[in-house]
Every structure is written in C-alpha cells, then in structure tokens.
Amino acid sequence: MLVRSFLAVLLMVSAHAQTLDSLPSFFAPMKGLAIEAPCQPGKPWTVAGEHGALFGRQNGKFEAWEWPVKLLSNFSIRAELADYHVPIDVNALAAQIRVAPAETILTYSHAAFTVRQHMFAPRGPEAVPFGAAVVFEIESARPLELTFSFTPEMLRMWPAPNSGRPSGEWVTQGATGYYILHTDTADFSGVVAMRRTRPGILVPYQEHPQTYPLELKLSFDPKRDKGQVFPLFIGVQGAQAAGERIGAMASALRELYGKTQKYYEEFLASRLSAETPDKRIDEGLAWAEVAIDQAQVKYHDEIGLVAGYYESADSARPGYAWFFGRDTMWTTYAINSYGDFALTRRALDFLIRRQREDGKIMHEFSQSADAVDWKATPYFYAAADSAPLLVMSMSDYVRTSGDLNYLRANWEAVRKAYQFTRAHEGDDGIYNNSQGTGWVESWPQAMPKEESYLAALDQQSSAAMAELARLMNDAALAGEAKRKASAIASKVEDEFYDRSRQFYAFSRNGASLDETASIYPSVAWWDGSFGLKNARPMLTRWASSEFSADWGTRDISNQTPFYDPISYHQGSIWPLFTGWVSLAEYRTGRDLSAYAHMMQNLNLTWAQDLGSVTELLSGDFFQPLGRSSSHQLWSSAMVISPLVRGLFGLSWNAPGNTLRVVPNLPADWNEAHLRNVPFRESKLDLDFKRSNGRLTVTATMKGNAKLCLSGPSDTNGTCQSPRTVLEIPLPAVELAIPAALPAPGDMTRQLKALDQKFDPRQATFEFEAWGGSEYNLPLRLNRTGITVEGARIIAGKLALTFPADSGYVRKTVTFRW
C-alpha cells in the first residue's frame with residue numbers, strides 16, 4: 001500500500017513541479033516582526049506547530065518531528081562544485097538567520113553559490129496535518145552537486161517503547177525515488193523524498209555490517225533549474241498511508257505557506273500590542289505571544305499546551321514537548337492578557353478532561369501517553385499545585401473575559417479541584433505537600449512538608465473560589481472560601497514569617513521551619529488579591545546581587561550553604577522566577593527593580609533561540625544551562641504578565657465592566673499606547689500621556705461593552721457609570737534604570753535598585769552597584785523646589801557615583817521638597 005501510494009505521490013510532485021518553480025509567488029515572507037542576525041553555529045532554533053516541529057542549530061543541522069515521532073536527525077548538507085575539486089561543508093557556510101513568526105530562513109553563503117533553507121510549520125484551521133516543511137532555494141554560478149544526509153530515527157516520543165534503528169530502502173521511480181524508513185513494526189514506517197534526487201550510499205547485503213547516514217543527491221544546473229525550489233517531503237505512515245499524506249503536502253505546499261503567513265498576520269493584528277518609546281518592548285511583547293501560540297500541539301481531537309522545545313540529540317525527549325498542568329495554568333494569565341480566550345479554553349479543557357475523580361489536576365501527560373499505561377507512571381498527578389492553580393486560572397479567565405457560561409459548564413470541575421485542596425489540609429488548615437511536590441522536586445534539607453509557595457497559592461485559590469462561588473450564586477461556598485482565604489493569610493504571617501531574619505521561610509515542617517532564603521514567597525502577589533505584610537526587607541534582598549543577577553533572579557540566596565548555580569532547584573535562574581518577583585515588585589511600589597527584572601526576561605528573546613525565552617540559566621554566569629529548553633512556554637509568559645499587569649498595571653473585572661489601571665511607566669516615557677486590550681467580547685485601545693505632573697489614560701472602545709476605568713485610588717468593583725478617561729497624579733520624583741543584558745559568560749556587575757520609599761515630603765531610593773561605577777539615570781521632577789542628597793542632578797539626570805571598593809557597595813539617595 002505504501003509503495004503504491006508513493007508512486008502516485010511522485011507523479012503528483014512531477015505534475016505540480018511548475019507550481020513550485022515561481023519564487024515571487026511562493027516565498028513572500030510577511031513584513032514586520034522579524035529577527036535577522038549572523039549565524040552563531042552553536043545556538044538553537046525552533047520551528048514548531050500543532051502537528052510537528054524542526055529543532056536545529058544555526059549551522060543548519062536539524063531533527064524533524066511529526067508528533068509524536070522523531071523521523072530523522074542530523075540533517076546536513078555537502079556540496080561539490082563543477083571544476084572546483086574540493087568537498088564543501090555547506091553547514092560550515094551558515095551565514096545569516098532570519099526568524100519571523102511564520103518562517104525561519106537560514107542562508108548558506110559561498111563565493112560560487114547561495115543556498116536558502118526555508119522552514120515553516122503550517123498553521124491555521126485547514127492546515128494539512130504534517131509536521132513541518134523544509135524548502136531549499138538554490139542559486140549557483142556553476143553546476144552544483146548537493147548531498148543531503150540524515151540519520152533515520154522513527155522514534156516515538158518518551159516514554160513509548162522503541163525498537164532499534166530503522167533501515168532505509170530506496171525505491172526508484174524514473175529518474176528519482178524516495179526512501180522508506182522501515183521499522184520492526186509492519187504498520188509503522190516513514191517516507192523521505194525530494195524531487196529529482198537519487199540515493200547516496202546504499203550498502204549491499206554482502207558488505208560488512210556498517211551504519212551510514214542516508215543521502216539524497218541533487219544535481220543542480222543553474223541554466224536548467226534557476227527559479228525552482230526543492231521541498232523535502234517527510235511523512236509517517238498512519239491510518240492514512242504516508243505516501244498519500246506527502247502527496248497532499250506536495251499539492252498544497254504553496255497554499256499552506258500562504259495560509260501560514262496569513263495566520264500570523266491576522267494573529268498579530270488582532271492580539272494585544274504595544275507602541276512605546278522602546279522598540280524592544282513592542283517587539284518583545286509580540287514575540288512572547290507568538291512563542292506561546294507555537295506551543296499548541298494537537299493530540300487526537302484536542303489541543304493542549306506543551307511546556308517547551310529543545311533538540312533531543314540521541315533521545316526521544318525534545319525538551320519538554322508534552323503537556324504540563326501547572327506550566328499551562330501559569331501561562332493562561334499571559335494568554336488572557338493578550339486576549340486569546342479561545343486558547344485558554346482549549347488549554348483548560350485539556351486539563352479538565354484528565355481531572356482525577358477526587359479532583360486532582362494532572363501534572364504531566366506525554367504525547368505518546370496512549371502507547372503506555374500512563375496512569376501507572378509517577379508523572380501523571382505528581383504535582384500538588386495544579387489543583388489550586390486550576391481555581392486561580394479559571395478565576396482569571398472569568399475576570400478578564402466575563403465568560404460566565406464557560407464557568408457554568410465547568411463548575412463541577414472547579415468545585416472538585418477546590419475540594420481536593422480542602423481534603424488535604426495540614427493541622428494548620430493549609431493545603432500541604434502530602435499530595436505531591438509543591439515547587440521543588442528535590443531538596444538537600446529533605447523534602448518539605450508545607451511550602452510557603454503552596455500556602456500562598458492556597459490562599460489565592462480560596463479567594464478566587466469565593467469570587468467564583470459568588471458569581472455562581474452559591475453564597476454558602478462563597479462565604480466558606482472567603483473565611484478560609486482570610487484564615488490562611490493570617491496563618492502564613494504567624495507560621496512562616498521569621499522575625500529574627502525578617503524573611504518568610506521556605507517551608508514549615510511540623511514545629512520547625514526551613515529558613516532557606518528563597519524567592520518562592522513572591523507568588524503571594526501573583527493574582528493581585530494577596531500580599532505579605534512584612535515583606536520589605538525580603539524584597540530588598542531579592543533586588544540585591546544576593547538574589548538578582550543581571551539576567552534574572554536566583555531561586556535561593558547565593559549565600560546558602562548548598563547554593564549551586566547550575567542546579568535545577570538550588571541556585572539556577574528561571575525566567576519564571578524572575579517574572580514572579582517582577583510582578584511582586586510592581587505591586588509593592590518597587591517599579592525600578594521590577595522594570596529591570598521584566599526587561600531581563602524580555603531581552604532574553606534575542607539571546608538564544610531567537611524569538612523565544614529559555615527555560616533556565618546559570619546563577620553565576622550569563623549562559624543558559626546546556627539542557628535548558630530553549631523555547632519554554634512559561635518563560636515567554638513571564639514577559640507578558642509583568643509587562644501588562646505590572647508596568648501598564650492592568651487588572652480586569654469584566655463581570656463588573658471595570659478595568660483598573662495602575663501604571664508604572666518608566667520616567668523617560670512621555671507617552672505609550674496599548675492596542676487591542678481584551679475586554680469581555682470587545683477590545684479597546686489605551687493611550688497613556690504625561691503632562692504637567694499628571695498621567696492621562698484614555699480608553700477607546702472597539703465594541704459596545706460598558707466600561708469603567710478605575711485608577712490607583714479606586715476599587716475594582718462593579719461599574720456604576722461609564723468612565724473612559726483617568727487623570728492620575730504622578731509622584732514628585734520619577735527615575736528610570738538601564739536595562740540591558742551583559743555579554744555571554746559575564747558575572748553580575750550591573751546597578752541594582754534595592755528599595756523605594758515615598759513620604760509626604762521626601763522620596764528615598766537605595767541603590768547597589770559595583771565599586772567605582774558611575775550612572776546617569778533619567779530623572780523626572782514633577783514639582784518645584786526639590787533638593788537631593790547622595791547624588792547630583794546634571795543636565796536633567798541623576799548622577800550616581802559609587803565609592804571605589806571591591807564588590808558591590810550601597811548608596812542612599814534622598815529627595816526632599
């Protein structure tokens with residue numbers, strides 16, 4: 001069946017050859033959002049979609065997946081040029097990379113030829129279900145012989161069983177042919193083809209057993225072939241024969257390319273966007289939205305969000321390219337912020353469908369889960385935090401969308417998740433770690449019994465449940481949950497706060513505390529309804545070089561005895577943690593450090609896997625860990641949430657028709673704009689403009705929804721009368737702080753803003769910087785008669801000079817009026 005169907009494919013490819021020859025109509029990359037850079041051979045790239053992905057390095061070598069199967073790896077190119085008797089390693093010629101939402105292009109440059117490797121993952125509701133497309137565009141001054149070599153894999157994703165390396169059989173059809181990748185399973189095979197190619201090494205049966213890569217050889221004649229393109233067809237045989245699927249790909253390739261371009265044009269036009277004085281922020285927001293969207297993966301008739309992507313090398317684990325509960329729910333806050341409510345519903349539906357009978361929410365679910373007894377693995381329900389996060393995530397969805405119908409349809413699932421937390425309380429009435437890991441999955445001090453991280457989530461989950469129950473007219477449950485939230489808040493202060501250390505403990509273990517200084521209490525400020533009462537000294541330490549590197553925040557103090565900068569949970573830097581801390585700082589009036597942390601995440605967009613944010617980095621040197629997933633779902637989410645909910649200060653109460661705006665714009669911005677802010681079934685634009693010591697916020701509705709804007713001095717309750725303009729008084733003194741990543745391999749040396757305090761007649765800022773360093777900070781004075789101590793005002797900027805010393809030194813600057 002496979003051979004017969006693929007013979008038809010080759011005829012189809014031939015019949016459609018002319019449709020693939022026209023460069024102007026085929027390759028028309030979308031204008032606008034793109035990153036172009038010289039290739040750095042060791043850096044990764046990702047091309048991913050619902051049906052598959054390509055993972056590679058900027059030298060052009062890659063592996064190809066059609067979910068959940070890795071078809072091939074180590075795809076590479078060699079060349080032989082006519083009358084030029086030296087072999088040419090084309091991958092060593094990788095010169096330029098261009099990453100756009102719809103397409104990634106690698107350019108190989110030689111004095112006699114150029115090869116462009118176009119790659120895209122088809123998107124859109126009508127996309128033919130195949131993994132990703134690779135199309136080669138060739139220009140040459142002389143006839144050129146190209147050899148495309150690869151290792152056949154046919155590996156099902158972890159943890160499905162696999163059975164040895166596949167064998168490649170070349171099937172000839174006229175002047176060309178194709179490879180069948182045979183496995184030990186008769187109905188599981190793959191096909192790889194490129195038109196007008198012939199095979200390379202074919203080891204005869206009589207030869208001593210050896211392993212060679214498979215090869216596709218292409219003879220390119222510039223007189224004959226100018227303007228033609230050469231697609232690589234890859235397929236897996238399933239219910240539909242692989243040949244038939246590749247035939248569909250061949251006939252629809254150009255159309256799918258156009259649809260994918262259109263998909264992202266419409267995506268970016270309809271999602272939240274920013275127009276600010278800093279182009280990095282505008283583009284970083286857009287890239288974060290795209291990166292999250294590309295984490296959607298189709299699993300049978302569902303779509304879920306996978307945690308992250310990275311090349312798998314010789315394994316069957318491409319980063320974390322399977323479904324995670326808590327990763328999804330931390331990310332839905334960002335998705336709601338940019339307005340893709342349909343994606344939030346799909347993502348939550350995926351989790352709710354797998355809710356355990358007792359209410360617990362899944363932790364991990366592999367794309368190959370149906371190939372094993374997944375329920376028997378320790379991964380399915382490993383984490384304890386997914387249950388409270390489901391309640392919080394549903395609450396945020398309802399608050400931003402106003403969609404009570406979705407809440408009603410899933411009310412029983414939400415109730416069960418909340419009841420699960422209540423059924424597993426400790427002796428203090430707080431949900432604890434008995435039902436799985438809270439945050440850490442290993443801990444040198446012995447695994448915690450009740451983490452402050454989990455306690456903070458339980459408090460916010462209870463408050464969220466109270467609000468959801470009120471909307472569902474369940475007064476008894478609303479009252480019960482509200483009392484529980486209040487009780488947990490009090491007990492967190494009584495049980496976790498260490499007054500002698502002025503820090504909240506990592507965990508409570510019976511009568512003792514694990515006093516490891518960590519950033520995990522920062523989640524207490526996540527949804528805006530909670531916060532810790534005695535946090536000022538802790539927040540100052542988080543902002544200092546003890547926790548804050550120049551590329552993010554360590555999860556524990558670098559003074560901890562077991563601190564290890566390259567460990568997973570005891571000293572590395574996760575953009576996730578940096579996002580938690582940034583939003584906590586914005587919500588506690590520390591906008592300088594919050595901005596620095598938010599920008600550290602955002603600037604990582606250009607640091608490794610272009611357009612994406614990596615999973616984790618060293619705590620001591622600016623370098624991602626070698627196994628860090630380079631395109632990590634919640635890392636990109638932690639660009640969006642601190643930016644939208646912190647810097648711009650948006651907080652929704654869509655059921656009450658209210659949008660609260662508590663902005664923290666940098667001092668050197670005169671104005672900024674947000675387009676397509678989601679609000680119920682409508683969208684709105686927000687314009688921010690500074691003038692005469694005030695910030696004016698103006699909303700322009702794009703639909704008929706009733707809107708009440710509320711500001712810092714207002715509550716976020718139900719709208720009584722429409723209001724679309726806010727006049728917000730600005731503080732007497734505003735500062736801005738520089739935000740740029742260091743060079744790769746650098747240690748921490750940059751300025752830190754440790755604390756900010758405003759009193760009626762003065763403002764005090766505490767800084768920390770490397771001894772002997774100098775800074776000129778943008779300064780805005782919004783009243784007359786202001787004097788300064790600890791620094792000088794020169795040409796409208798605050799001139800800071802730190803005493804010469806080894807290491808970091810501190811300086812206090814006080815403004816009075």
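The values are calculated or read from the model by the stated rules, or taken from the named source; none is laboratory data. Note that the structure is a prediction, hence the values are computed from the model and not measured. Every residue, glycine among them, receives a Cβ derived from its backbone with ideal geometry; neighbour counts consider all protein chains shown. Just the protein is used for accessible areas: all its heavy atoms, side chains included, with ligands, DNA and RNA removed. Shrake-Rupley method; radii C 1.70, N 1.55, O 1.52, S 1.80 Å.
With protein chains left intact and a 1.4 Å probe, residues in the stretch 674-817 average 50 Å² of accessible area per residue. The order of GLU266, GLU515, GLU681 by accessible area, most exposed first and with a 1.4 Å probe, is GLU681, GLU266, GLU515.
Of all lysines in the structure, the ones whose alpha carbon falls short of 24 Å from that of LYS226, not counting any fewer than 8 places away in one chain, are LYS217. Largest accessible area first, the listed residues HIS85, HIS631 line up as HIS85, HIS631 when surface is computed with a 1.4 Å probe on the assembled protein chains. Computed over protein heavy atoms with a 1.4 Å probe, the carbon and sulfur contribution to the accessible area of the chain reaches 49%.
Counting charges near ARG326 (Lys, Arg +1; Asp, Glu -1) among other residues having Cβ under 13 Å from its Cβ returns a value of -3.
Length available on full extension from THR784 to ALA804: 0.36 nm per residue minus the Cα-Cα distance, which gives 3.9 nm. Averaged per residue, the stretch 463-579 has 36 square angstrom of accessible surface, using a 1.4 angstrom probe with ligands and nucleic acids left out. The chymotrypsin sites (Phe, Trp or Tyr not before Pro) of the stretch 141-229 that meet both conditions, a loop assignment by DSSP and at most 12 other Cβ atoms within 10 Å of the site Cβ, are TYR205.
Rolling a 1.4 angstrom probe over the protein heavy atoms with all chains in place gives the stretch 95-164 an accessible area of 29 Å² per residue.
In summary, the lysines within cross-link reach of LYS375, defined as a Cα separation below 23 angstrom excluding same-chain residues under 8 places away, comprise LYS298, LYS360, LYS416.
Ordering 328-335, 443-450 by mean Cβ neighbour count within 10 Å, with the highest value first, yields 328-335, 443-450. Taking the three principal axes of the alpha carbon atoms in the stretch 600-682, the coordinate ranges are 47, 31, 20 Å, sorted in descending order. FRET efficiency for the pair LYS689 and ARG749, taken as 1/(1 + (r/R0)^6) with r the Cβ-Cβ distance and R0 = 35 Å, rounds to 0.45.
Net charge dipole, the stretch 138-197: roughly 140 debye, given to the nearest 20, about the Cα centre with Cβ charges of +1 for Lys and Arg and -1 for Asp and Glu.
Peptide packing for 720-733, 569-582, 662-675, 64-77 was compared via the average number of neighbouring C-beta atoms within 10 Å per residue; ordered from the highest value, the list is 569-582, 64-77, 662-675, 720-733.
Extension gain, ASP427 to GLN210, is 71.7 nm, computed as 0.36 nm per intervening residue step minus the present C-alpha separation. Relative to the globular-protein estimate of 2.2 N^0.38 Å, the Cα radius of gyration of the stretch 336-429 stands at 1.16. Taking a Cβ cut-off of under 15 Å around MET472, the surrounding Lys, Arg, Asp and Glu residues balance to a net charge of +1, with basic ones at +1 and acidic ones at -1.
With a Förster radius of 30 Å applied to the C-beta separation of ARG353 and MET701, the computed FRET efficiency comes to 0.25.
For a paramagnetic label modelled on ASP373 (point 7 Å from Cα along Cα→Cβ), amide N atoms under 19 Å away belong, within the stretch 156-175, to 159-162.
Along each principal axis, taking the top coordinate minus the bottom one, the Cα set of the chain gives 86, 63, 58 Å in descending order. Can you give the log10 of the normalised intensity I(q)/I(0) at q = 0.12, 0.14, 0.18, 0.28 Å⁻¹, computed with Debye over equal Cα scatterers of the stretch 759-817? Calculated log10 I(q)/I(0) at the listed q: -0.30, -0.40, -0.63, -1.21. Straight-line reach from LYS757: taking Cα to Cα under 21 Å and skipping same-chain neighbours fewer than 8 places apart, the lysines in range are LYS533, LYS797, LYS811.
A full extension of the chain between GLU169 and SER486 corresponds to an added length of 107.3 nm, given 0.36 nm per residue minus the alpha carbon distance.
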